[in-house]
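Below: one structure, written as structure tokens.
The values are calculated or read from the model by the stated rules, or taken from the named source; none is laboratory data. In this text the structure is predicted, and so the values were computed from the model without any measurement. All Cβ positions, glycine included, derive from the backbone under ideal geometry; neighbour counts span all protein chains shown.
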């Protein structure tokens with residue numbers, strides 16, 4: 001197995017793992033805040049749930065990025081052996097690194113925005129719509145990183 | 001030996017069960033008559049509380065011999081109110097409010113854009129003197145939702161599902177269902193443009209029906225450009241609204257800086273298209289557009305201060321707007337990426353389902369169907385949440401900013417009879 005292939009799959013691992021971890025932490029923050037808020041106001045569970053689910057998308061971007069790149073990489077298999085140039089290996093590694101890290105941080109931070117919003121709704125403030133808008137600010141960068149991963153894979 | 005024989009106990013149980021049944025029936029009957037009664041009592045209490053609130057809001061004049069109540073009424077209901085006041089012994093003064101009063105707003109929209117009012121309210125109502133932007137963002141919101149979800153199959157589900165539900169639904173949620181139908185329609189359109197149907201990529205499959213029109217589908221690169229073009233259109237449209245709004249609120253002189261920006265952006269866009277088609281090939285026209293626009297921006301940045309200060313302020317405005325617009329435009333890339341990710345996830349679900357079907361297990365057909373249903377339901381839920389929230393951000397941040405929307409209006413909540421459904 002060539003270094004290029006190892007690099008490429010390390011990149012894919014980082015992409016799925018870091019983005020997934022980000023989402024997992026993010027939705028947990030939302031879930032924890034929801035449970036706290038339920039004690040004060042249990043009528044707004046639907047709103048809590050929607051806000052808690054928002055940071056779940058980063059992990060999906062990581063997975064969708066993996067799927068796109070995986071489909072592309074499978075076209076480089078010649079006689080059962082994957083042949084990648086060093087350029088291709090590094091490109092996939094870079095895509096994975098970018099999407100992974102941005103997904104990780106944006107998932108965690110989006111989770112904390114949502115958690116604050118949930119706490120606010122629980123205390124009786126009408127801030128559902130505003131929290132939703134504010135919460136998608138950090139998500140944009142994960143979306144951009146996903147778009148970049150797509151463009152990198154298209155250029156392989 | 002037990003104290004009582006068994007048949008007697010069994011008899012007793014039957015009797016008690018009969019009694020329980022009767023009591024339950026009584027409770028049911030009681031509920032049937034009492035719930036409406038309770039609701040009507042609740043109605044009366046709410047009305048009384050409203051009335052007391054209105055009374056508390058009056059202020060006493062002339063040592064409380066006269067009670068004064070100030071209120072607003074929409075123009076179309078003014079006649080009725082005047083009639084009522086004339087019939088009842090009330091002294092009243094009618095006045096048109098000035099802009100300095102914090103006048104409550106009542107939105108007036110047509111049948112289509114009224115559906116989008118709840119979305120606008122999530123952010124803020126316009127102030128009384130501002131334009132109501134609901135009608136302006138409604139078509140964009142619809143298109144953006146469609147772009148993000150971008151699957152003709154899902155759109156069809158939304159359209160028919162909400163349609164069927166509408167037949168049985170109560171009147172107060174019907175507008176919401178109509179909104180869902182419009183969003184579904186937009187999703188069908190964008191699903192057709194990108195060639196996605198329940199995660200099936202119509203560009204890559206060999207279905208004879210689509211063989212002829214395959215070239216009409218847009219590939220991802222074109223979708224990327226389409227997202228940016230839609231963004232540019234919305235931003236320029238926003239500036240146009242800002243211009244109209246400033247003319248309406250402050251006067252023509254104050255709108256000229258925005259006119260300058262419009263000249264620059266719309267002019268450059270038209271020039272780029274024309275020069276790509278090689279109708280124009282001199283750059284002089286472009287320079288003319290840029291200098292004319294800059295002239296307006298620099299000289300009319302703030303008509304209240306002297307010319308030199310205006311140029312300084314204009315330069316700062318130029319810097320912040322150019323960097324801002326660039327960021328705003330890039331923000332629309334999300335439309336493309338969200339559409340792509342929901343399509344990819346739909347595709348993954350189909351892929352795994354087909355692998356299940358290919359396995360040797362006896363129950364594979366059941367698992368195939370269950371997995372497809374489960375997977376697509378999950379994808380629809382997650383993707384439509386994202387497709388709702390992201391266009392909302394584009395509306396409230398990118399569009400409202402360029403349209404110069406301030407907001408902060410107070411909702412018109414009239415003192416009226418309660419209408420709780422019993």
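Quick look at the values:
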{"item": "Residues (surrounded by 10 or more Cβ atoms within 10 Å (Cβ to Cβ) and not in a loop (DSSP other than H, G, I, E, B)) located in the stretch B:81-97", "result": "B:81, B:82, B:83, B:84, B:85, B:86"}
{"item": "The one condition in (1) over 30 Å from residue B:104 (Cα atoms); (2) in contact with a helix residue (DSSP H, G or I) (Cβ under 8 Å, 6 or more places away or on another chain) that residue B:36 fails to fulfil", "result": "(2)"}
{"item": "Single match in A:98, A:64 (criterion: in a helix (DSSP H, G or I) and at the interface with chain B (Cβ under 10 Å from one of its Cβ atoms))", "result": "A:64"}
{"item": "Number of the exception - residue B:252 against (1) out of contact with any helix residue (DSSP H, G or I) (no Cβ under 9 Å at 6 or more places or on another chain); (2) exposed (fewer than 15 other Cβ atoms within 10 Å of the Cβ)", "result": "(1)"}
{"item": "All positions within the stretch A:101-128 that are in a helix (DSSP H, G or I), more than 21 Å from residue A:23 (Cα to Cα) and within 14 Å of chain B (Cβ to nearest Cβ)", "result": "A:121"}
{"item": "Among the residues listed as A:69, A:21, the single one being within 14 Å of another protein chain (Cβ to nearest Cβ) and at pLDDT 90 or above", "result": "A:69"}
{"item": "Tally of residues being within 14 Å of chain A (Cβ to nearest Cβ), over 22 Å from residue B:156 (Cα atoms) and surrounded by 18 or more Cβ atoms within 10 Å (Cβ to Cβ) across the stretch B:334-376", "result": "1"}
{"item": "Some residue of the stretch A:133-143 being surrounded by fewer than 24 Cβ atoms within 10 Å (Cβ to Cβ), over 18 Å from residue B:148 (Cβ atoms), more than 8 Å from chain B (Cβ to nearest Cβ) and in contact (Cβ under 8 Å) with a residue 12 or more places away in the chain", "result": "yes"}
{"item": "Filter result for the condition that a residue is over 19 Å from residue B:235 (Cβ atoms) and touching a strand residue (DSSP E or B) at 6+ places or on another chain (Cβ under 9 Å), over B:177, B:156, B:149, B:183", "result": "B:156"}
{"item": "All positions within the stretch B:377-417 that are under 21 Å from residue B:136 (Cβ atoms), away from chain A (no Cβ under 14 Å) and touching a helix residue (DSSP H, G or I) at 6+ places or on another chain (Cβ under 6 Å)", "result": "B:402, B:403, B:404"}
{"item": "Residue list for the stretch B:125-140, restricted to those being in contact with a helix residue (DSSP H, G or I) (Cβ under 9 Å, 6 or more places away or on another chain), outside any loop (DSSP other than H, G, I, E, B) and surrounded by 19 or more Cβ atoms within 10 Å (Cβ to Cβ)", "result": "B:134, B:136, B:137, B:138, B:140"}
{"item": "Residue among B:72, B:92, B:30 that alone is in contact (Cβ under 8 Å) with a residue 12 or more places away in the chain and more than 14 Å from every other protein chain (Cβ to nearest Cβ)", "result": "B:72"}
{"item": "Selection from the stretch B:284-322 of residues that are outside any helix (DSSP H, G or I) and loosely packed, with under 11 Cβ neighbours inside 10 Å", "result": "B:304, B:306"}
{"item": "Single unsatisfied condition, residue B:245 versus (1) part of a helix (DSSP H, G or I); (2) more than 34 Å from the chain's Cα centre (by Cα)", "result": "(2)"}
{"item": "Condition check for residue A:82: surrounded by fewer than 23 Cβ atoms within 10 Å (Cβ to Cβ) and more than 20 Å from the chain's Cα centre (by Cα)", "result": "yes"}
{"item": "One residue from B:149, B:143, B:164 being under 29 Å from residue B:201 (Cα atoms), free of Cβ contacts under 8 Å to residues at least 24 places away in the same chain and either out of contact with any helix residue (DSSP H, G or I) (no Cβ under 7 Å at 6 or more places or on another chain) or surrounded by 15 or more Cβ atoms within 10 Å (Cβ to Cβ) (or both)", "result": "B:164"}
{"item": "Boolean, residue A:149 is at the interface with chain B (Cβ under 10 Å from one of its Cβ atoms) and either buried (at least 17 other Cβ atoms within 10 Å of the Cβ) or assigned to a helix (DSSP H, G or I) (or both)", "result": "yes"}
